[in-house]
Amino acid sequence: MLASTAVEARLAAYLRLLETWNSRINLVGRGEGAGLIQRHLLDSLAVVPLLPASATRIVDLGAGGGFPGLVVAIATGIATHLIERDQRKCAFLREARRQTDAPVEVHQADFSTLPALAADVVLSRATARLPGLLDAAARHARKGGTMLFHKSEAQTAEIEAARAGWRFRVQDFANPADRRGRVWRITELRRHHD
């Protein structure tokens, strides 16, 4: 983790930029104000304690307005690839990278067709159901990689649905920023036929 004063200054710059751009393009729900910090920023930071100590490359599937990947990159200094299809959101992410000096690379692409990125960690927040996420994660994670997915307590049925095509170990963590939120850490991912 980077020094806290540097992180706080970068995160504050990011939030100011987010609020400005959000009035023009839909990055997060409009009119959230102070809820923005609790709902998005702290929610994104919930994965930081779960990152492997050896992680040097992260991929965020469906980065949107930068949650969680850009926030995690600012907080940790770990090189992060932000994958987002929407051209306007990519423009925002590039400007956020410039203003915060975050160690990110922005890919305007569909994560299902982008060439493999061999990440140590794959992140996702509100992107897709678990079976689809595992397909994308398998594409972009190095062998032995870790997946950290934001989910809600109502989504646990997705785990059994995903087991139809995959073998994996899942650990379910409470999200301190969201009482109904969960963070799933998935490891040992492999297809049934592998």
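Please treat every number below as a calculation from the coordinates, not as lab data. Every value quoted in this text rests on a predicted model; they were computed, and no experiment measured them. Don't worry about glycine lacking a Cβ; one is built from the backbone with ideal geometry, like all the others, and counts go over all protein chains shown.
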For this session: State, to one decimal in nm, how far the label point of Arg142 lies from the label point of Phe173, with both points 7 Å from Cα in the Cβ direction.
Result: 2.0 nm
Problem set entry | Degrees separating the helix 87-100 axis from the principal Cα axis of the chain, which is the longest one | 70 degrees
For this session: Let me see the pair-distance distribution of segment 118-194: every alpha carbon pair, 10 Å bin width, integer percents in order.
Result: 20, 57, 22, 2
For this session: Would you calculate, for the chain, the mean residue ellipticity at 222 nm contributed by helices, counting each DSSP H stretch of 4 or more residues as -39,500 (n - 2.57) and dividing by all residues, to the nearest 500?
Result: -9000 deg cm²/dmol
Exercise. For Gln155 and Ala79, FRET efficiency with R0 = 22 Å and r from the beta-carbon atoms, rounded to 0.05?
Worked result: 0.15
Exercise. Using only the Cα atoms of the chain, what do you get for the radius of gyration and for Dmax, in Å?
Worked result: 15.8, 48
For this session: In whole Hz, with x marking every Gly and Pro, tabulate ³J(HN,Hα) for segment 8-25 from phi via Karplus 6.51 cos²θ - 1.76 cosθ + 1.60, θ = phi - 60°.
Result: 4, 5, 5, 5, 5, 4, 4, 5, 4, 5, 4, 5, 5, 5, 5, 6, 9, 10
Seminar exercise, completed: The local net charge around Ala79, scoring Lys/Arg +1 and Asp/Glu -1 for residues other than Ala79 whose Cβ lies under 11 Å from its Cβ, equals -1
